[in-house]
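Let me begin by presenting the structure, written as structure tokens, before commenting on it.
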Amino acid sequence: MTAEPLRLPELDRRFDLAFSIVIFLLIMGAAHVNNMLLAGDWSFWVDWKDRQWWPLLTPAVNIVPVALTQYLGWTRFRAPSGATMAALALLAAQWLSRSTNFEGWAHLPMNFTWPETMVLLAVLMDATLALSRSLAVTSVIGGALWGGLFYAAQWPALAPYLQPVILHGQVLTVADTISFATGRSQGPEYLRMVERGSLRALVDDVTLIVSFFAGMVCVGTYWVGVAIGHLVAIAPIDRSVKLQSD
């Protein structure tokens, strides 16, 4: 008996599934490499998740692949779901990397290397795009929400590691004690006094001013992702179509 040939609708569904998987894997790789190279130790170690640099640097660099994916999804497919898909891809890539490389290979505990989650922030960005239908409005409102609410979105996971602990007569946090007990060659093995900056002299609550500043920075870095998406994807396609039409 000969196999019955596949019908065109079935071929279309299989092609769409394969295409979606490939695109999701590409976004996973790009977003994860971007996070490792630019966020680095602030994303890797729980004792580096401070109140000054972590809530400023991490959302500012991770909004770039999110904005890129959102831009491509909106301009080519009119689908306001690109930011959520990119955030899910980044979260999946981070958990895969931390569980296999950090815990499985380097034997570092997951409670010391857990990644951030930005899915809620991405949903807010996609909702802003769906309601406004404007990338400019999304960059201002969605970018501000992405950076401004980053620390608050991580607080349920971070709060247990900020509890005070007395170790050798010094008041430390749980995160610092885990750092002292966990040997690692990837980062400095000393207590990072990150709150000796000038922000302590300006305001009492550092987190609020840093979150506000992170929101403003993310408004600008959003357009970096849009520009990269246009250069690597949209512009070559438009140039090719124009040449074929000529």
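Points to keep in mind about this one:
- Nonlocal amide H pairs with A79, under 5 Å, H built at 1.01 Å: W74
- Protection proxy ranking of 168-174, 42-48, by the mean of other Cβ atoms within 10 Å over each peptide's residues and highest first, is 42-48, 168-174.
- What you get for region 1-158, charging only the Cβ of Lys and Arg (+1) and of Asp and Glu (-1), is a dipole of about 340 debye around the Cα centre.
- Among T69, T117, the ranking by other beta carbons within 10 Å of each residue's beta carbon, starting with the fewest, stands as T117, T69.
- Evaluating 6.51 cos²θ - 1.76 cosθ + 1.60 at θ = phi - 60° for every residue in region 50-67, the Karplus couplings come out as 8, 9, 10, 9, 4, x, 9, 6, 4, x, 5, 8, 7, 6, 5, x, 5, 5 Hz, glycine and proline recorded as x.
- Ranked E10, E103, criterion: other C-beta atoms within 10 Å, fewest first: E10, E103
- Gyration tensor over the Cα atoms of region 23-122: the corresponding equivalent ellipsoid has semi-axes (square roots of 5 times the eigenvalues, largest first) of 25, 15, 10 Å.
- Among 59-67, 152-160, 78-86, the peptide with the highest mean count of other Cβ atoms within 10 Å heads the list, and the full ranking is 59-67, 78-86, 152-160.
- Amide H contacts of T173 (H built 1.01 Å from N, under 5 Å, at least 5 apart or other chain): V165
- Computed extension length for I23-T100: 25.5 nm, one decimal, from 0.36 nm per residue of separation with the Cα-Cα distance subtracted.
- Note on region 1-112: dipole from Cβ charges, positive end direction compared against N34, Y71, T84; the farthest Cα belongs to Y71.
- Order by protection proxy (mean Cβ within 10 Å, highest first), peptides 137-146, 105-114: 137-146, 105-114
- Going from the fewest other Cβ atoms within 10 Å to the most, the residues L162, L56 appear in the order L162, L56.
Every number in this text was worked out from the coordinates using simple rules, so none of it is lab data. Bear in mind the structure is a predicted one, so any value in this text is a computation, not a measurement. Cβ: placed from backbone, ideal geometry, glycine included. Neighbour counts: every protein chain shown.
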